[in-house]
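S.K.: Would you mind keeping the following structure in view while I ask a few things?
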Amino acid sequence: DLQTTVGHAGLRLAVRYGHTEIARLLLEAGANKNLQGNTGVTALMGAAESGHKEITQLLLQAGAAVDMRDKDGRTALMFAAADGHVHIAKLLLESGTNKDFQDSLGYTALIHAERRGNFETARLLAEAGADKDLQGSTSVTALMGAAKSGQEDMVQLILQAGAAVDMRDNDSYTALMHAARHGHVGVARLLLQAGADKDAQDQFGVTPFGHAVSNGHGEIAQLLRAKTRRIIAAD
């Protein structure tokens, strides 16, 4: 397990370049499957990030630790989620990895999948029971992130998985406020249909309607105003 000057052992190099047979030989020769490089990355993390399914299977069969963390607190599952490798994420989940660990920024595997727009990986995690409401360092949830970036399919997925619709981040913004600020009409509709509070106020007393108006998003402003009129008429 002598490491090179850049901190890579032979096994991790084999993983990096996708050399399955070399990795197999090294494992059979007793290579340390959990050795970490300078950034704390293990062979399993490298395989998860690169999407090497066969090597991932080899490492797991050899007993590689599934929940080790790199220097940023990331696990192999987070690497797989961030890069959209559904087949790798599935293998890791089947091997008992913790689906709700948070990295140094508070991001879970689900948040990593959401941030990179990896819908299928996010769906796998949601179906596996990943916590939808864990918050990152700025208290942003997966739902808020998806609302902010306008990912309608992701928003719908997370809502259907039971996410809390009116959680707040460090600025007291809700998912609906993020949608209103960034002009994502379709997302706003989905959130309203899910019961989002259209009258919620941030730390300065600004509502989703106020955010829509101040950012020049007239269509969302009209949507929110129409929603208010319908509620008043119903009363």
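S.K.: For the residues K53, K148, what sequence is obtained by ranking on other C-beta atoms within 10 Å, fewest first?
M.R.: K53, K148
S.K.: Test of understanding: express the Cα radius of gyration of the stretch 1-99 as a ratio to 2.2 N^0.38 Å, with N the residue count.
M.R.: 0.95
S.K.: I would also like to ask the following. Pairwise over distinct Cα atoms, reciprocal of the mean inverse distance: report the Kirkwood radius of the stretch 50-115 in Å, one decimal place.
M.R.: Final number for the Kirkwood radius of the stretch 50-115 is 11.7 Å.
S.K.: Between N170 and D72, what is the FRET efficiency for a Förster distance of 25 Å, r being their Cβ-Cβ separation, to the nearest 0.05?
M.R.: The value I calculate is 0.75.
S.K.: Could you work out the relative contact order of the stretch 107-214, using alpha carbon pairs under 8 angstrom and six or more residues apart, expressed as a whole percent?
M.R.: It rounds to 22 percent for the stretch 107-214.
S.K.: OK, next. What's the exposure ranking of T121, T97, T20, going from fewest to most Cβ atoms within 10 Å?
M.R.: Lowest to highest Cβ neighbour count: T20, T97, T121.
S.K.: OK, next. Pairing the Cα long axis of helix 218-234 with the longest principal axis of the chain, what angle in degrees results, from 0 to 90 and rounded to the nearest 10?
M.R.: 60 degrees
S.K.: At R0 = 45 Å, how high is the FRET efficiency between I22 and R225 if r is their beta carbon distance? Nearest 0.05 is fine.
M.R.: 0.10
S.K.: Going down the table (K33/K148; K71/K198; K90/K198; K90/K148), which pairs top 30 Å between alpha carbons?
M.R.: K33/K148; K71/K198; K90/K198
S.K.: Normalising by the residue count of the stretch 1-99, find the relative contact order in percent from Cα pairs under 8 Å and 6+ residues apart.
M.R.: Relative contact order here is 23 percent.
S.K.: Then there is this: Quick one: which residues, 5 or more positions from D197 or on another chain, have an amide H under 5 Å from its amide H? H modelled 1.01 Å from N in the peptide plane, none for Pro or chain starts.
M.R.: Answer set, sorted by chain and number: none.
S.K.: Hey, rough spin-label estimate for Q193 and S137, points 7 angstrom out along Cα→Cβ, what's it come to in nanometres?
M.R.: The modelled label-to-label distance comes out at 3.6 nm.
S.K.: Here's a follow-up. In whole angstrom, note down how far apart the Cα centers of the stretch 45-84 and the stretch 92-169 are.
M.R.: Rounded to whole Å, the Cα centres lie 19 Å apart.
Read-outs: derived from the displayed coordinates by stated rules, not from any lab. Given the structure is predicted, the values throughout are model-derived calculations rather than measurements. For neighbour counting, all protein chains shown are included, and Cβ atoms are generated from backbone atoms with ideal geometry for every residue, glycine included.
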